[in-house]
Amino acid sequence: MLTDLACKTAACPEGKARARLTDSGGLYLETSPNGSKRWFWKYYHSGKEKRLALGAYPAVSLKQARSDREVARRLLQTGSDPAIRRQIERLEAKLLEKNTFAEVARELHSTKASGWSEQYAQRWLERMEKDLFPWIGPVPLPEITAPMLLNTLRRIEKRGARETAHTLRQTAGQVFRYGIATGRCERNPAPDLHGALQPLNIKHMAAILEPTKAGELVRSMYEYSGQPVTRTALLLSALLFQRPGNIRCMEWAEVDFDVCLWTIPAAKMKRTVYGKVNGRPHLVPLALQAIELLRELQPISGHSRFVFPSLISSQRPMSENTLRVALRRMGYSNDDMTPHGFRAMARTIMVEKLNMHAEAIEAQLAHGKSGPLGAAYDRAEFIDQRRAMMTEWANYLDQLRNADSVSPASDSV
C-alpha cells in the first residue's frame with residue numbers, strides 16, 4: 001500500500017512513458033516524465049476492464065483518493081458504471097451552467113428563428129430583452145415561480161401595455177417548454193397565470209358592415225378627388241378585399257388581363273417562412289369592374305413595377321398610410337373605417353346578405369382553412385366558383401352605389 005511519503009517522492013523512471021504505483025483495491029498513482037501525478041481506479045464493469053480518473057496529486061491526497069475510490073466502488077455495486085455516471089453528471093452540470101431564462105430563451109430563438117419571418121424573430125427577441133431579461137433573465141429556470149413571473153408581467157401592465165403582457169406570458173411559456181424538453185427545468189409556470197393578468201379589451205379593425213352605409217362608402221370612393229392611383233386602390237380594396245399590404249404592393253406582372261386573374265406570390269402572403277417558400281400562390285379572380293379600373297390606371301402607372309406606386313418613387317409601392325389618410329379626407333375616422341375593414345365588410349355582407357358559402361369567402365380572404373370545403377375552395381380548380389362569387393360581389397357593390405337599399409341577390413356561391 002502507498003504512503004504519503006511514497007506519493008510525494010514518486011517519479012517516473014527515465015526512459016518510460018509512465019509508471020504506476022499501486023495502492024489497494026485497484027487504486028494507483030500514475031506518474032509521467034513531466035512530473036505530473038494522477039490518481040486512477042481500475043475496475044471491471046460488464047466483464048470489461050475500465051478505469052476512473054480521481055484527480056491529480058497533491059491536489060487530491062492519498063486519503064481523499066481512497067475515499068473517492070470507495071464512493072465509486074459503492075456505485076459500482078449498485079450496477080452503475082462510475083465512468084458513465086460521471087459523464088452524465090458533467091453533461092448535467094454543463095446544462096445547469098446555461099439554464100438561466102435568458103440563456104435558454106436565446107437558445108430557443110436561435111433554434112426557431114429560421115422558421116419564423118425576419119420581422120417576427122426580431123420582435124420576439126426585442127420584447128424579451130426589453131421586458132423579461134432585465135428581471136428574470138439571470139435567474140435559473142427551475143427557480144422561476146409563477147408569482148415571480150407574474151410580478152414581472154405586472155410591470156408591463158403598469159405602463160398600459162396589456163397586450164404585450166399577455167403576449168409575453170405566452171412567449172415565456174415557450175421558453176419553459178423548451179427548457180423542459182432540454183432538461184433545464186421540470187415545469188412551466190406560465191399556464192398558472194391564466195386569468196391573473198388584466199383582461200384585454202380587444203378592439204377590432206373598424207369596418208362598415210351595413211349595406212346602406214357600404215353603398216355610401218363606395219359612392220364616396222368613386223367621387224374621390226385625390227390622386228387617381230389612390231382612388232383606384234380604394235375601390236380595389238372594396239372589390240377584392242385582400243390585405244392592405246397586398247393591395248398596395250400589387251404588381252402589374254401579377255395581373256393577367258386575358259384570364260382576369262391576380263396571382264399573388266406565396267412569398268408575399270401572410271404565412272410562415274415554410275409557407276412563403278413552399279406554398280401555392282394566392283389567386284384572386286378579377287371581376288369586370290376590377291379589370292376596367294386597372295385598365296384605366298395603366299396609362300398612369302403602367303410604366304412602374306407597382307400598380308400603386310409611391311408619389312416619391314415609382315420603384316416603391318404607395319405608403320401603408322395612404323389609404324388610411326384618404327379615408328380620413330373622405331370623412332371616415334379611424335373609428336368608422338380602416339383599410340383592413342374592407343375585408344370584414346365583404347365577409348359580413350356576403351354571408352348575411354348574399355348567402356355565400358363562408359368557406360369560399362375564407363379561401364378568398366386567404367385565411368386558414370375553416371373546414372373541409374375551405375381547403376377545397378383554395379385549390380385552383382375551384383377558380384370558377386370563386387370567380388362567380390367575386391363577380392356577384394362586384395355587381396352587388398354597384399347596386400349599393402346606385403341605390404339607398406337593395407334586396408339580397410337570389411343566387412349564392
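General observations
- Using only alpha carbons, segment 101-193 has a radius of gyration to Kirkwood radius ratio (Rg to Rh) of 0.94.
- One chain, two ends: Asn395 and Glu126. Fully extended at 0.36 nm per residue, the span grows by 92.2 nm beyond their Cα-Cα distance.
- Spatial offset of segment 128-186 relative to segment 38-83 amounts to 43 Å, using the alpha carbon center of each.
- By average C-beta atoms within 10 angstrom, highest first, the peptides 230-238, 289-297, 273-281: 230-238, 289-297, 273-281
- Relative contact order of segment 4-83, defined on C-alpha pairs under 8 angstrom at six or more residues apart (%): 20 percent
- Calculated on the alpha-carbon coordinates, the convex hull of segment 211-402 measures out at 124 cubic angstrom per residue.
- By the rule of a C-alpha distance below 20 Å, with chain neighbours fewer than 8 residues away ignored, the lysines paired with Lys8 are Lys16, Lys37, Lys63.
- In percent, rounded to a whole number, the relative contact order of the chain is 12, using alpha-carbon pairs under 8 Å and six or more apart.
- Computed over segment 211-402: relative contact order in percent, which uses C-alpha pairs under 8 Å that are six or more apart: 28 percent
- Take each peptide in 354-360, 194-200, 316-322, count the other Cβ atoms within 10 Å of every residue, and average; sorted highest first, the result is 354-360, 316-322, 194-200.
- Charged-residue dipole, Cβ positions (Lys, Arg, Asp, Glu), the chain about Cα centre, Debye nearest 20: 2360 debye
- Placing unit charges on the Cβ atoms of the charged side chains and taking the dipole of the chain about its Cα centre, the candidate lying farthest along the positive direction among Thr78, Met390, Thr22 is Thr22.
- Assigned charges on the beta-carbon of Lys, Arg, Asp, Glu; segment 210-339 dipole about Cα centre (debye): 500 debye
- Since only Pro134, Met250, Gly195 are under comparison, the one whose Cα sits farthest along the positive direction of the charge dipole of the chain, derived from C-beta charges on Lys, Arg, Asp and Glu, is Pro134.
- Those residues of segment 333-370 whose amide nitrogen sits under 19 Å from the label point placed on Arg162, 7 Å along Cα→Cβ: 335
- Restricting attention to segment 211-402, lysine pairs at least eight places apart or on different chains and with alpha-carbon atoms under 28 angstrom apart total 6.
- Highest to lowest packing among 9-20, 166-177, scored as the average C-beta count within 10 Å: 166-177, 9-20
- Residues of type aspartates and glutamates that Lys130 reaches as a straight line, Cα spacing below 12 Å, ignoring anything fewer than 8 places off in the same chain: none
- Largest first, the extents of the alpha carbon coordinates of the chain on the three principal axes equal 110, 46, 45 Å.
A short reminder: the numbers here are calculations on the coordinates, not readings from a lab. Source: prediction; values computed, not measured. All Cβ positions, glycine included, derive from the backbone under ideal geometry; neighbour counts span all protein chains shown.
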